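Read the figures in this text as sums done on the coordinates, not as results from a lab. The structure displayed is predicted, hence computed values, not measured ones. With ideal geometry, Cβ positions are generated from the backbone for all residues, glycine too; neighbour counts draw on all protein chains shown.
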Amino acid sequence: MKQPLITLAVVLSLLAPATVFATAETKRVCVEQVDAKTKKPKEVCKQVKVHKKLEGTKVPEKQGK
């Protein structure tokens with residue numbers, strides 16, 4: 001009886017860390033480019049990660065030596 005409970009506890013403990021990490025926010029960035037062969041404009045798009053901007057604190061100045 002203890003064996004299935006221990007196995008279940010181990011499996012759940014291995015799955016828990018996977019749910020802690022959130023996926024990074026991404027946005028689609030597109031740029032117009034001219035095709036070299038046909039001389040026609042085409043749109044080139046990429047997925048870019050959006051980073052959270054953190055606010056820093058001011059570094060205290062040193063007092064006289």
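A cut-off under 13 angstrom between Cβ atoms defines the neighbours of HIS51, and their net charge, with Lys, Arg +1 and Asp, Glu -1, is +3. Within the same chain, aspartates and glutamates fewer than 8 places from LYS46 are excluded, and of the rest, those with a Cα less than 19 Å from its Cα are GLU25, GLU32, ASP35.
The residues neighbouring LYS42, those whose beta-carbon lies less than 15 Å from its own, together hold a net charge of +1 under the Lys/Arg +1, Asp/Glu -1 convention. Zone of LYS27 (label point 7 Å along Cα→Cβ, backbone N under 17 Å): which residues in the range 46-65? From the range 46-65, the list is 46-54.
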